Amino acid sequence: MRVFRTSYKGKNGQKRICKNWYIELRDHLQTVRRFPAFTDKAQSEALGRQIERLVNYRVAGEQPDAALSRWLGQIPARMRQRFADIGLLDAERASGGKPLAEHLADFEQFLLAKGNTDKHAKLVVSRAKRAITGCKFLYWTDIAASKMQRYLADLRDNGNGISAQTFNFYLQAVKEFARWMVQDRRASESPLQHLKGLNVRTDRRHDRRALSVDEIRRLSETTTAQPERFGMTGYERALLYRLAVESGLRANELRTLKVSSFDFENGTVTVAAAYSKHRREDTLPPRKDTANEIRAFIGCKLPTVSVFDMPKPNRLVKMLRADLADAGIPYRDDSGRVCDFHAFRHLFITNVSSKAPSRVAQKLARHQSSAMTDRYAHIRLDDQRTALDSLPDLSQPSNQKQAAVRTGTDNVDMLNPQGKNLAFCLARQDGLQGTSVDNYGQTNRISDEKPAKLQAAVGFEPTNNGFANRRLRPLGYAADTLA
């Protein structure tokens, strides 16, 4: 490497020295290259060393390390493009000087090519674009994690703005864009990789609830009797709600069902992979009575005709809220939980989870993990009562007690049912002369006075003639039983 300054002749013919230094070196193809540098020689030499490092990585066929990649992201776009033109840098890495708006457009095309729907791709890109535009980032090198975190926190406005869940949606979108930049080799590393989302449990604003069986029956009965609403008859709406509750299909999946989606011979309904959330074909077995209702409802429609003429999503919400109001079911309960159309899926998974094994419930819910199924399953108060009623009744006597009662050897004092021991009343004839027994089973010496005549209780006459001469007062006797 050689660092030098060139000279030239002025207008008066005098020799002049250029202010800027130049770097001269051989690239990975052993071609001599010359690069303009700075007015300071030390800075120019440092630039030359960085270019030499880039050449060495290119010769070795390796990617630049993190330090060199950061340096490449900070240099002017014109210099990056020069490196790309001579083959020192990939064309993708040279795009660091490309505006982020153009990268976002490429990112949207990537999402579409990956198999995502147009709606999902536009949603992710719009979220990432709002966050990037709000931070006033124009180029990749402008992105800073601290600014992004601060901007999203300002949108929260101490909890009065966007929710914690929406905060996470924006952060997830912009982090996904940054990961794509790295995977597509347009950047070396993501500056947003270490950012973490918020705990959504501390800021729930749209929690769903699972309706009771009686509420669903009431909704079906009242909706069936209602007139047409948003292009759907009352019976059609009731049948739609019933299928949603009994299958767990999402609103968009129900909207895309065709007559050909139902196989009434085998008792199945199939959601095409293009309309399934996980982009795979899902086949479910509906209830027989519901399948018969749908079969009669379809009638002679062509196989390509939609089963339900559902309105657009915003009108679907209004339709359901109107039907809930007619049935006397509040859209939002006292706890703030709502009953929107997706709540039917919560109800389906709740009912299935309480009746079927976890693996079966996960399969019917079409979840990839049982943890997601558990998140949808609600634990209702009736379920808790049923579980508690199944616990053992501790008020019942033990097996030993029951056996003693059956054999008559439970040692119960029939004259003293409060639990006092009759054994003290039936003590040995020679063991307790001159003693008395108190109510606590303690023996006490008494005087040698002549004992009073003892009259036994009716039905418990002593067979020993000497029993009446004892100064022993049976426990539990009334005072007037002694003569």
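Could you name the lysines in cross-link range of K401, using Cα to Cα under 22 Å and dropping any fewer than eight places away on the same chain?
K420
Over all directions, average the projected area of the Cα convex hull of segment 247-290 and note it in nm². Walk me through the intermediate numbers first.
Numbers: hull surface 12.0 nm².
Averaging across all directions leaves 3.0 nm² for the Cα convex hull.
Students often forget the sequence filter, so: which lysines lie under 24 Å Cα-Cα from K11 once same-chain residues fewer than 8 apart are removed?
Candidates past the 8-residue exclusion: K19.
Let me spell out the model: positive unit charges on the Cβ of Lys and Arg, negative unit charges on the Cβ of Asp and Glu, origin at the Cα centre of segment 114-169. What dipole size does that give, in debye rounded to 20?
Charge dipole, segment 114-169, about its Cα centre: 160 debye, nearest 20.
Spelling out what I want: for every residue of segment 324-339, take phi, set θ = phi - 60°, compute 6.51 cos²θ - 1.76 cosθ + 1.60 (Karplus), and round to whole Hz; glycine and proline get x.
5, 5, 5, 7, x, 10, x, 5, 10, 7, 5, 8, x, 7, 10, 10
If you stretched the chain out fully between K15 and T268, how much longer would it get, using 0.36 nm times the residue separation minus the C-alpha to C-alpha distance?
Additional length available on full extension: 82.0 nm.
What full-extension length gain, to one decimal in nm, is calculated for N252 and K114 as 0.36 nm per residue of separation minus the Cα-Cα distance? Walk me through the numbers on the way to the answer.
Numbers: separation 138, 0.36 × 138 = 49.68 nm, distance 2.02 nm.
Working it through step by step, the gained length comes to 47.7 nm.
What is the magnitude of the charge dipole of segment 213-387 about its Cα centre, with +1 placed on the Cβ of each Lys and Arg, -1 on the Cβ of each Asp and Glu, and no other charges, expressed in debye to the nearest 20?
540 debye
In whole angstrom, note down how far apart the Cα centers of segment 262-286 and segment 35-68 are.
Cα centres, segment 262-286 to segment 35-68: 58 Å.
Using the crude model of +1 on Lys and Arg Cβ and -1 on Asp and Glu Cβ, and no other charge, please compute the dipole size for segment 1-66 relative to its Cα centre, in debye to 20.
It works out to roughly 640 debye.
Any idea which of Q63, I86, T39 is furthest toward the positive side of the dipole for segment 2-90, if Lys and Arg beta-carbons carry +1 and Asp and Glu beta-carbons -1?
T39
Using a basic spin-label model with each label point 7 Å from the Cα along Cα→Cβ, how many nm lie between V305 and S260?
If labels sit at V305 and S260, their model points lie 1.6 nm apart.
For the pairs K258/K318; K114/K136; K122/K147; K318/K363; K119/K318; K122/K277, flag any whose C-alpha to C-alpha distance is greater than 26 Å.
Pairs exceeding 26 Å: K114/K136; K318/K363.
Take the alpha carbon gyration tensor of segment 213-387, find the square roots of its eigenvalues, order them as a ≥ b ≥ c, and report rounded if a/c is under 1.5; if not, report prolate when a/b exceeds b/c, else oblate.
oblate
No value in this document is a laboratory result; all are computed from the given coordinates. Not measured: the values here are computed from a predicted model. Please note: Cβ atoms are built from the backbone with ideal geometry, for glycine as well, and neighbour counts cover all protein chains shown.
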